[in-house]
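To start, the structure under review is shown below, and the notes come after it.
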Amino acid sequence: MKGVAIVPLGLEDAAREELEGLGASEAEVLKGAVLFQIKDCEELAKIAYVSQSADRVLFHLAHFSFADIRQDVEKHIGKVENFGDFAFEGMSFRASCERRGEHGFSSPDVEKLLGDALHRLMKREYGVDAAVKMASPDVTFFASIVDDSFALGIDFTGFDAGKRDYKIFLTPVSVRGTISYGLLRYAGYRKKHTLLDPFVNDGAIVIEAALYASGKPVQFYRKDKLAFARLAPFREKGVSSLFESIDKKIKKEKLPISGFDAAFQYVDYGRKNAKIAGVEKVVYLSRVESEWLDIKFREKSVDRIVTKIPEPSRKLVSKDVQKLYGELFYQAEYILKDDGKVGVLCRDLAVLEPHYAKYGFVIERQKDVWTGEQRLCMAILVKWK
């Protein structure tokens, strides 16, 4: 059987790497999604529970490129053959659509079209006259449209997982949890690494690293909201044993993960969000200015520095921001291991060039990612050898 992970644009490769580590195989990158093979529904449910890169995890029904949305949806929905395990008499359903790109139709247009086509399919193939229910239906059919790419599946998640439940205390530059995790993946962060975020913001990078390194599922506190528990394959046997098999592996020892910031408010936000995520005891968050990093860390002791760099604002003038950039790479040159890496998320990488070049860093790779309509740049920098 196949699954589909819906992911932020630009994070498809990071998601593929994570999914393969979670038991998926034959992963194929689509636009804003990753298609993969998985053993069974229980393994797909586990991915929905723990995946940090996926906004949603779906049981795959169809994917195709379209020219005429109405004709192509009708054609491809009529060919869906693998829905039998999810259909039962008296079931309720809804169709949901998320669009990215410019289109001559709206998401509600697609939801109406999709709902009608699926209702006819269920009645014709399985004799099920399913009722439409907008709130907490038994089955949600989710369609992801990116430009002319259409992916359809049964939603195993049930909500936008990129909006983390721990992100209660936010800043004007907060980004989605999936993007914070994607930056860690892009930087090659591993569980054994010593990690530093010197501009902690709302704590998301530190928290995502802690969830990954400790094995704590990102949906640990949203078990009751996960949609797969309402699906037919789980209605009789339940999902308690599935959760227990994963939760018993959570590690509780202190991790070499640190988050610093010069602004106490941001450190406070990070601590509060980490507490909500249940990882406050395994990470270290403190008010430390970047110029003191060489006091906190020995020479060549840090594997990864991963951060969303500060930008000029009403409270932080451009001159001060430039000073922070210079201090970051001055300190990184000292505390970073020779094979260490700096991963940054920013809107304009060019503003960093005079600073990283001055201290002997070069760009190893870079790519654009998207959060809504906003383009951001991920870049990995290494010491020149």
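We did not get these values from a lab; they are worked out from the coordinates using the rules stated. Keep in mind that this is a model prediction, so the values were computed, not measured. Cβ coordinates were reconstructed from backbone atoms using ideal geometry, including for glycine residues, and neighbour counts include every protein chain displayed.
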For Ala87, distant residues with modelled amide H under 5 Å away = none
In a Gaussian network model over the chain where Cα atoms closer than 10 Å are linked, find which of Leu44, Leu121, Leu58 has the largest mean-square fluctuation.
-> Leu121
Connecting every pair of Cα atoms under 10 Å apart in the chain and solving the GNM, the largest mean-square fluctuation among Gly215, Gly182, Gly101 falls on Gly101
If you work out Rg and Dmax of the Cα atoms in Å from the coordinates, which of (i) 22.3, 70; (ii) 20.7, 78; (iii) 21.5, 65 do you get?
-> (i)
Among Cys97, Cys346, rank each residue by its count of other Cβ atoms within 10 Å, from fewest to most, as a rough exposure measure.
-> Cys346, Cys97
At a Förster distance of 41 Å, what's the computed FRET efficiency of Leu316 paired with Arg190, Cβ-Cβ distance as r, to 0.05?
-> 0.80
Part-to-part distance (alpha-carbon centres) for segment 47-120 and segment 282-360, which is given in Å = 43 Å
For the chain, what is the calculated [θ] at 222 nm in deg cm²/dmol (nearest 500), taking -39500 (n - 2.57) for each run of four or more DSSP H residues and dividing by its residue count?
-> -9500 deg cm²/dmol
Which loop GluC sites (Glu not before Pro) in segment 49-133, with loop taken from DSSP, have no more than 14 other Cβ atoms within 10 angstrom of their Cβ?
-> Glu81, Glu89, Glu102
